[in-house]
Amino acid sequence: MYKYFDLNNLPILSKGRRTLQVSSYDRQYENKDWGNYLYDIGENTSVIFDDPGCGCIKSIWMAVPSKEAYLDFYFDGETSPRYTTSLFGLFNGECPELSGIGNTFEERGHWEEADCRCGNCFIQIPYENGLKIVVRGEEKEQCYYHIMYESYPDGILPMEGSRETFEAAFSAAPVSKAELKKYSLIKNYNDIMTVEGSGVIREMTLRVKEGTDLSKVIFYICWDHSRAPQVSCPVSHLFAQPVRWEDINSYVLTSKRENGYVTTSLYLPMPFFDKMYLGMIKLVEEQIDIEFGVVIGENNYDIENTGHFYADYKEGPTALFEDWNIGTFKGRGHIIGLSQSCVGGVGGSYCEGNEHFYINGERSPSINGTGTEDIYLGCYWPNKKFDSPCAGCINDVYLESNSDLRHSIDYPIMYYRYYLDMPIAFDAGIRLDVQHGAVCQNFSEYKTTCFSYRQADPLYWQTDYIMLSSEASRNMHEYKTDGKLYCLVGMLESNMKPEMIYGVGYKTENGKVSFKAAVFPDNEGVILRRLYDQSVSNGNAEVYVDGQLVGIWHCCNINTYFHFADSDFHIPERFTKGKNALNIEICTEGTYTDFDYTVLS
């Protein structure tokens, strides 16, 4: 399983780890991304987080945290909160259990007279039998937030990484050990090195004269006889420096300017098993001189559960009312980093837009955020320059524009985000989109790089589909319900061009739903995906497989604007291994809506 903040562990692809996020995103996608919670339970009281199973909160980000609004943490179904703190106090030592290194509160924005401070808490909050966090107080309506967490369907909390590793990430940057060699790059291909056999690149270090433009020099790396490069992006983007060279003091990446030169190092491990080829492609005529070196160590990784390192780059203009696609990837893996630069803003600021990450082929995003600058743990564009182990803004466009807010968009900004707190896992592909401007109304130039560890083959394939509007499909799968026929016309929660659905399904109140689902016998668990109506409150539902209780299917987000959404329920392999079909029984508590089921195994 993933060990917290351990760089050496990043290439290992874990199983049975769901990565999720809850946030205050505007349910109508109109950029009112504050004060929105999962559901209300009383006057000035709402639920901000609710997971009835086994999991762990990996990070909490908040902007405008009030001293007059409070959080209550209820563990394991307890009726009294184990922790209570004000939103402001969460990041300022009010809760001793969540205080210390890894918990920060900083000014990271310039927006007019607003209080542009945000808090980041990377201290893990594990729970074995459920966690509910309640927010209360009149001032809770002003808060922006996102909470990233992992859910473990098998009910077992993974082993944590060492405290020393965690503290090192926040206290000291690595020191380069690479021996540098001089290269005068020629136009087109430049062979840098080829290594036969296995190994791990532990460090890549580059030294150039300050001011050297490497945006037209492309890193080109092929792992293990691949004919297409797994790393293909501008050198400047790989080192998070596409705008200009700046000092960075991070756990993953360091950069230092000294005596007219800049030295920058990347410490993400990059394993290979048979061969590695590394080259650079220079797209311009002018002479470019660099110094470059790598540190290669012994490869002790298990090839079956190790991903190759990828850096996927995209650039171009944004399109009206369409999300910017950072990348769409097949197979199995996890996302461990993003870098993004943007410039120009006809129609508004180039930031603001929410991230929409679709995992394992889902139709609605399970990671849905509050703003481009918030992905990178800032707040209120334009952002101040900052660098941290997990995120940074490399330059300050507000200062570059002589404190002219309107013209700040004429200067390119650059962000990075490393998901050391929670690599975003996928077993059957992933699509990463982000809005541009508040509602994709902006015309800007975007450049993004996605860093990931991936294998080409997925862990799950679709093995069945149950369409409840079809009598033949219901009969084939022996679908039965105590509910009533339920027809609904509405939009699927997705993007600014949502799909309109005429749904024919069922609404079951305190009853049972049952059906059969085909699976691969040689499976490593099953994902049961349900299209449901999130405009009504869906209660908890117990899920049984062949008579055995697996867990609680919990759909707590309420959105009365986008009616339809997908919800995934993961069934561990101890309930599914060696079976051709599963007998599913769902016992509902309160309202349960369903329109179709997709089965992945």
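No value in this document is a laboratory result; all are computed from the given coordinates. Owing to the predicted nature of the structure, the values given are computational and were not obtained by experimental measurement. As a convention, Cβ positions derive from the backbone with ideal geometry for all residues, glycine included, and neighbour counts pool all protein chains shown.
Summarising the label geometry, the points placed 7 Å from Cα in the beta-carbon direction at T328 and K216 lie 3.2 nm from one another. Binning the C-alpha pair distances of segment 173-306 at 10 Å intervals from 0 yields a P(r) profile of 12, 43, 35, 9, 1 %, listed from the shortest bin outward. Between T84 and R406, the FRET efficiency estimated from the beta carbon spacing at R0 = 35 angstrom works out to 0.25. Reported to the nearest whole Å, the Cα centre-to-centre distance from segment 474-548 to segment 46-109 is 33.
Label positions at T194 and V284, each projected 7 Å from the Cα along the C-beta direction, are separated by 3.0 nm. If you take all other residues with their beta carbon under 13 Å from the beta carbon of P521, and give Lys and Arg +1 and Asp and Glu -1, the sum is -1. For C556, no residue 5 or more places off, or on another chain, has a built amide H under 5 Å of its own. Extending 7 Å from Cα along the Cβ direction at M500 and again at E164 yields two label points whose distance is 6.3 nm.
Given the Cα-Cα distance of E478 and D457 and 0.36 nm per residue of separation, how much length would full extension add, in nm?
Between E478 and D457, full extension yields an extra 4.4 nm.
When R574, R117 are ordered from fewest to most other Cβ atoms inside 10 Å of their Cβ, what list results? It would help to have the intermediate numbers written out before the result.
Values: R574 11, R117 18.
The fewest-first ordering by Cβ neighbours comes to R574, R117.
Every Cα-Cα pair of segment 429-532 was included, and the share exceeding 24 Å stands at 51 percent. Only one residue of N475, V526, G511 has its Cα farthest out toward the positive end of the dipole of segment 462-600, where Lys and Arg carry +1 and Asp and Glu -1 on Cβ, and that residue is N475. Near the amide H of S86, within less than 5 Å, lie the amide hydrogens of L71, all on another chain or at least 5 residues away, with H placed in the peptide plane. Taking R0 as 45 Å, what FRET efficiency do you get between S469 and K209 from their Cβ-Cβ distance, rounded to the nearest 0.05? The formula returns an efficiency of 0.10 here.
Stretching Y261 away from S184 to a fully extended chain increases their span by 26.1 nm, per 0.36 nm per residue minus the current alpha-carbon distance.
In order along segment 565-576, phi translates into HN-Hα couplings of 7, 8, 9, 9, 10, 9, 10, x, 5, 5, 9, 10 Hz, rounded to whole numbers, per the Karplus curve 6.51 cos²θ - 1.76 cosθ + 1.60 with θ = phi - 60° and x for Gly and Pro.
In order along segment 469-482, the Karplus-derived 3J(HN,Hα) couplings, from 6.51 cos²θ - 1.76 cosθ + 1.60 at θ = phi - 60°, round to 6, 9, 4, 4, 5, 4, 5, 4, 9, 6, 6, 9, 8, 8 Hz, and Gly and Pro are given as x.
Multiplying the sequence separation of S171 and D76 by 0.36 nm and subtracting their Cα-Cα distance, what value in nm do you get?
Numbers: separation 95, 0.36 × 95 = 34.20 nm, distance 3.36 nm.
Result for the pair: 30.8 nm of gain on full extension.
In this model, which of K314/K384; K15/K132; K182/K282; K15/K330 are farther than 19 Å apart at the alpha-carbon?
Numbers: K314/K384 25 Å; K15/K132 25 Å; K182/K282 16 Å; K15/K330 16 Å.
As for pairs spanning more than 19 Å Cα to Cα, those are K314/K384; K15/K132.
Between [x] -0.43, -1.08; [y] -0.47, -1.18; [z] -0.57, -1.02, which entry matches log10 I(q)/I(0) by the Debye sum over Cα atoms at q = 0.07, 0.11 Å⁻¹ as derived from the coordinates of this structure? Label [x] holds the value from this structure.
At a Förster radius of 30 Å, what calculated FRET efficiency corresponds to the Cβ-Cβ distance of N92 and K314, to the nearest 0.05? Could you put the intermediate results ahead of the total?
Values: r = 39 Å, r/R0 = 1.30.
It comes to 0.15.
Seen through its C-alpha gyration tensor, with square-root eigenvalues sorted a ≥ b ≥ c, segment 280-417 comes out oblate because a/c lies at 1.5 or above while a/b is not bigger than b/c.
Note down, for segment 474-601, the three equivalent ellipsoid semi-axes (square root of 5 times each alpha carbon gyration tensor eigenvalue), biggest first, whole angstrom.
Details: eigenvalues 124, 52, 36 Å².
For segment 474-601, the ellipsoid semi-axes come out as 25, 16, 13 Å.
Computed from backbone phi, the HN-Hα couplings of segment 448-456 come to 9, 10, 10, 9, 8, 10, 9, 10, 5 Hz, rounded to whole numbers (Karplus: 6.51 cos²θ - 1.76 cosθ + 1.60, θ = phi - 60°; Gly and Pro given as x).
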